[in-house]
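Working notes for the structure below.
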Amino acid sequence: MIVFAAVGLGQNVAYRTIASGTNAAEKQQRMFHITDQGALENYLKVAQSNSRPKVDFFKDRVVAIFLGTRPTGGYAASVRSVSVVANVATIEVTEATPAKGDITTQALTSPWVMIAIDRSVLDFKLNVTKVQQDGGILVGPYTVWYPGYWSPCMDGYYDGFYNPFGQVFYTQDTFNYWVQQSGFSFNSPGLSFNFQTSALAIVSLGRFSQGYSCAVESVVYNQGAAKVLVRRTTSQQQQRGARWFGVGVDRSARSIATEYFDDSSVVLAYQGGAMMQPASVGLILSASQIRTMQNTVTIKGFSPNTESLAAVTVSPQGRRGYKFEGVSYRGNQAVALFSRPTTTPDSKSETYLIRVPRGVGSIIVEDLPAKRATR
């Protein structure tokens, strides 16, 4: 299930993280394509890993990514997304780096990660983004999105938007022409919109809005791109079609994307005192880890046949005064979203056990961009 849609970006490709670690023998940053079990076992030896993942090489190939030697501990590698443009797959890798003042192992390390991907993908490109850890929490967002001007204009349901959709209009004429050509219908007679000061963005969550109530949380910007953040909640509504919104955005926006996140009531399985060290932030739990945890923790509302369980540890140094808002999904990666409330709660460390769909390969933590008043 792909729940992150961006107009004009590459097509997301399904992948899964099969192994990762921090002590490979490889000293340089390299990427290898693995097409058989024997080669996989050889590269696992290079990675100095005891993992023995199962891969069907008739369907998949493995990509091994080594980041090279690092001077201390505190470094880690994870795959954020894989997308294809012009038959080239771009693998976005996040390298977590220790924050200034962190106590780390004073020994050379070498982070690495391996993913399984469809065998038909042949050409690859690697992008590595360094992200500093702050008290054991990955600090985001990785692309610096900043909150900016937006204004609600209209909203409704439309069956034609089955898939996530987004488009920006800069004049009344182009909007009217698009409405006429697309057959888009909306109940907003006498729409008054000032195209001199703002652009009009039409975005939809498509089928991913069905069964939820939705609201625009914020609009954020980065170098001409705009992204509409939409909050989904568990409240059921009678659906008349895909949920869509019209919002006024800055005229500098050249493209529009939609990203939604599930309210914490949907995904929060357990919240309590920290059960692990902060270095374990962003962990997708294995079946054996879940069984061990269930001996000491009551996990409610978790279905192991259709879901995985992710653990996110929040340390007081990294997230003091922050509130867990919910989880978004980008390809096969989950993103735990936090915001800063007006009051500061108890600063003790906490662990969140979060229900995520099966197939999610990793989880990271990002700050939800603050709201900015409309004008």
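The values are calculated or read from the model by the stated rules, or taken from the named source; none is laboratory data. Bear in mind the structure is a predicted one, so any value in this text is a computation, not a measurement. Don't worry about glycine lacking a Cβ; one is built from the backbone with ideal geometry, like all the others, and counts go over all protein chains shown.
Are any of the residues in region 19-31 more than 22 Å from Ala89 (Cα to Cα), part of a strand (DSSP E or B) and out of contact with any Lys or Arg (no Cβ under 6 Å at 6 or more places or on another chain)?
yes
If you go through region 92-105, how many residues are at pLDDT 75 or above and farther than 19 Å from Gly21 by Cβ?
Qualifying residue count for the region: 1.
Pairs, please: C-beta under 6 Å, at least 6 apart or cross-chain, first residue closer than 13 Å to Phe57 by Cα and touching a residue at least 60 places away in the same chain (Cβ under 8 Å) and in region 103-122, second of a type in the set (Lys, Arg) and surrounded by 14 or more Cβ atoms within 10 Å (Cβ to Cβ)?
What qualifies is Ala116/Arg16; Arg119/Arg61.
Can you run down the residue pairs with Cβ atoms below 8 Å, 6 or more apart or on separate chains, where the first is in region 78-91 and modelled with pLDDT of 75 or more and the partner is of a type in the set (Lys, Arg) and in a strand (DSSP E or B)?
That search, which allows pairs on different chains as well, returns Arg80/Arg330; Ser81/Arg330; Val88/Lys125; Ala89/Lys125; Thr90/Lys125; Ile91/Lys125.
Yes or no: Thr143 within 23 Å of the chain's Cα centre (by Cα) and at pLDDT below 80?
yes
Matching residues to (1) surrounded by 15 or more Cβ atoms within 10 Å (Cβ to Cβ); (2) of a type outside the set (Phe, Trp, Tyr); (3) at pLDDT below 85; (4) not assigned by TED's automatic domain parsing to the domain that holds Asn222:
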| residue | (1), (2), (3), (4) |
| --- | --- |
| Asp159 | no, yes, yes, no |
| Gly166 | yes, yes, no, no |
| Phe186 | yes, no, yes, no |
| Leu200 | yes, yes, no, no |
| Arg207 | yes, yes, yes, no |
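Would you please list the contacts, defined by Cβ atoms under 6 Å and residues six or more apart or on different chains, that run from a residue in region 150-162 that is in contact (Cβ under 8 Å) with a residue 60 or more places away in the chain to a residue that is in a strand (DSSP E or B) and among the aromatic types (Phe, Trp, Tyr)?
Cβ pairs passing all conditions: Asp155/Phe245; Tyr158/Trp244; Phe161/Trp244.
Listed here are the residues, each with its yes/no results for (1) outside the structural domain of Ala334 (by TED's automatic domain parsing); (2) at pLDDT below 80; (3) part of a helix (DSSP H, G or I).
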{"site": "Ser120", "(1), (2), (3)": "yes, yes, no"}
{"site": "Pro152", "(1), (2), (3)": "yes, no, no"}
{"site": "Phe175", "(1), (2), (3)": "yes, no, yes"}
{"site": "Phe193", "(1), (2), (3)": "yes, no, no"}
{"site": "Gln196", "(1), (2), (3)": "yes, no, no"}
{"site": "Ser204", "(1), (2), (3)": "yes, no, no"}
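Which condition from (1) in the same structural domain as Gly361 (by TED's automatic domain parsing); (2) at pLDDT below 65 is the one that Gln239 breaks?
Tallying (1) in the same structural domain as Gly361 (by TED's automatic domain parsing); (2) at pLDDT below 65, Gln239 fails exactly one: (1).
Being within 20 Å of Ala336 (Cα to Cα), more than 19 Å from the chain's Cα centre (by Cα) and modelled with pLDDT of 70 or more is the filter here, so list the residues in region 305-322 that pass it.
The one that is within 20 Å of Ala336 (Cα to Cα), more than 19 Å from the chain's Cα centre (by Cα) and modelled with pLDDT of 70 or more: Thr306.
Please work out which one of (1) in contact with a helix residue (DSSP H, G or I) (Cβ under 9 Å, 6 or more places away or on another chain); (2) at pLDDT below 85 is the condition Gln11 fails and give its number.
(1)
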